[in-house]
Amino acid sequence: MQFIDLARQYAVLKSEIDANIHSVLSRCSFISGPENDQLEQELARYVGVKHALCVSSGTDALLMPLLAWGIGPGDAVFTTPFSFFATAEVVALVGATPVFADIDIDSFNLDPAKLHAVIEKTLAEGRLRPRAIIPVDLFGHCADYDAIGRIAKHFGLLVLEDAAQGFGATSEGRKACSFGDSAATSFFPAKPLGCYGDGGAVFTDDDGLADALRSIRVHGQGHDKYENVRIGINGRLDSLQAAVLLPKLAAYDREIRRRDEIATRYTNHLAESLRTPTVAHGCTSVWAQYSVLAQSGEQRESILSRLRACDIPAMIYYARPLHLQKALAYLGYRQGDFPVAEDASRRIFSLPMHAYLEDAEVDCVATAVLSAL
Ligand SMILES: *Cc1c(COP(=O)(O)O)cnc(C)c1O
């Protein structure tokens, strides 16, 4: 069994993916081909925003709005300590300071009350200028954008949605990647919508921001390629990746429905014995991960060793919260600063999740988990 089985998906979508790849090869137009334009139109329509820009990775998709907004030294960007490293890394990369607020244990996402308190504390200290919030749609479930939006408005902050795991999720009928002032997603192969290499997209309704992002994507270009009006990056998506994504996007809603069935099946098996994931009222998840909380670190270890013995792959997202990562030690955080994130990192584990799991496989995973309790 695979944790994420890309081969099964390829077997189903092979004829369309192969045809699209061959059409790029036969044209030999590998950068900014017509596939990219088509993908951008389809992504913008899918999410319901004005602008979608395909870029080189989810990390670059997060970095580019920060560059466009001129966020840098002396600025505070508030985010969660319970995420993939890139969420905080991009803040540090532009010279700004990541400032963490603890998570809510039910959603694993930013706790709005704690976010509010951390922003007030930062303002009171007066050392950093609050500029933006990066909420993360962790495990495929939207953050609480109602509450976060109110906080952003109150303090005059920008919101950058990290939807690297959330593309396709909804909250109150709105799609992930449509929240905040800009949003970033990732098409890394293991994400719910993945390509065959690195890729990502940035979204916004703001025309001015979209223009700046287009320029930043190609070395800060002006009217033509050899006029540079700002500092940018090489942030383009390969045409081959766009060609792979088009048929995958067409199949995506069907895949999301199947992921949801699988999540429900896991929950039916496990909810009495473990803390299974919750979906907030009015929300749908794309189940980037199906993540369960054991009662203790020891219980998690016995479950994981039972799964290993049964050849069932399981993962821990995330074993070390960001405030305890060596690369961010200069921020001065300590063990105990974010007790909820630290507690989650000791007890959480994720089960195999992809749209091509069979019911019998889900049952087998759940049986193995239960047998360890
Ligand atoms: C994967 C991920 C990223 C980075 O995306 P890449 O495409 O790997 O650069 C950023 N944030 C979160 C929450 C992620 O899961």
Residues of the range 154-186 satisfying the condition of being closer than 12 Å to ALA288 by Cα and either among the hydrophobic types (A, V, I, L, M, F, W, C) or out of contact with any helix residue (DSSP H, G or I) (no Cβ under 9 Å at 6 or more places or on another chain) (or both): ALA163, ALA164, PHE167, ALA169
How many residues are within 10 Å of the ligand (Cβ to nearest atom) and surrounded by fewer than 17 Cβ atoms within 10 Å (Cβ to Cβ) if we restrict to the range 32-89? 1
What are the pairs with Cβ atoms under 9 angstrom where one residue, in the range 166-190, is among the charged types (D, E, K, R) and the other, located anywhere, is near the ligand (Cβ under 9 Å from one of its atoms) and open to solvent by 10 Å² or more (accessible area, probe 1.4 Å)? Sequence gap at least six, or different chains. none
Within the range 328-347, is even one residue open to solvent by less than 30 Å² (accessible area, probe 1.4 Å) and more than 17 Å from PHE84 (Cα to Cα)? no
Any chance the range 193-204 includes a residue that's open to solvent by 30 Å² or more (accessible area, probe 1.4 Å), within 14 Å of the ligand (Cβ to nearest atom) and farther than 16 Å from ASP137 by Cα? yes
Just name the residue that is surrounded by the fewest Cβ atoms within 10 Å (Cβ to Cβ) out of those in the range 242-287 that are part of a helix (DSSP H, G or I) and touching a Ser or Thr at 6+ places or on another chain (Cβ under 6 Å). THR267
Residues of the range 288-312 classified as surrounded by fewer than 16 Cβ atoms within 10 Å (Cβ to Cβ), touching a residue at least 60 places away in the same chain (Cβ under 8 Å) and assigned to a loop (DSSP other than H, G, I, E, B), total: 1
How many residues are of a type outside the set (D, E, K, R), out of contact with any Ser or Thr (no Cβ under 8 Å at 6 or more places or on another chain) and surrounded by fewer than 21 Cβ atoms within 10 Å (Cβ to Cβ) when one looks only at the range 119-145? 4
State whether the residues of the range 99-111 include one that is open to solvent by 10 Å² or more (accessible area, probe 1.4 Å) and farther than 20 Å from ALA341 by Cα. no
Please verify whether ALA117 is within 14 Å of the ligand (Cβ to nearest atom) and in contact (Cβ under 8 Å) with a residue 12 or more places away in the chain, treating the condition exactly as stated. no
Of all residues in the range 216-226, which are surrounded by 10 or more Cβ atoms within 10 Å (Cβ to Cβ) and at negative phi? ILE216, ARG217, VAL218, GLN221, GLY222
Part of a loop (DSSP other than H, G, I, E, B), in contact with a Phe, Trp or Tyr (Cβ under 9 Å, 6 or more places away or on another chain) and open to solvent by less than 60 Å² (accessible area, probe 1.4 Å): does that describe TYR317? yes
Within the range 156-192, can you find the residues that are within 14 Å of the ligand (Cβ to nearest atom) and surrounded by fewer than 24 Cβ atoms within 10 Å (Cβ to Cβ)? PHE188, PRO189, ALA190, LYS191
Could you please give the count of residues in the range 11-22 that are open to solvent by less than 80 Å² (accessible area, probe 1.4 Å) and either of a type in the set (D, E, K, R) or in contact with a helix residue (DSSP H, G or I) (Cβ under 7 Å, 6 or more places away or on another chain) (or both)? 5
If we scan the range 128-150, do we find a residue that is part of a helix (DSSP H, G or I), acidic (Asp, Glu), out of contact with any Leu (no Cβ under 8 Å at 6 or more places or on another chain) and more than 12 Å from the ligand (Cβ to nearest atom)? yes
Residue by residue through the range 200-246, note down the ones that are closer than 23 Å to ILE21 by Cα and touching a Phe, Trp or Tyr at 6+ places or on another chain (Cβ under 9 Å). GLY200, ALA201, LEU237, ASP238, SER239, LEU240, GLN241, VAL244, LEU245
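The values are calculated or read from the model by the stated rules, or taken from the named source; none is laboratory data. Keep in mind the model is a prediction, meaning the values are calculated, not measured. Heads up, the Cβs are rebuilt from the backbone with ideal geometry, glycines too, and the neighbour counts pull from every protein chain shown. In case anyone asks, the SASA skips ligands and DNA or RNA and just uses the protein heavy atoms, side chains included. Shrake-Rupley method; radii C 1.70, N 1.55, O 1.52, S 1.80 Å.
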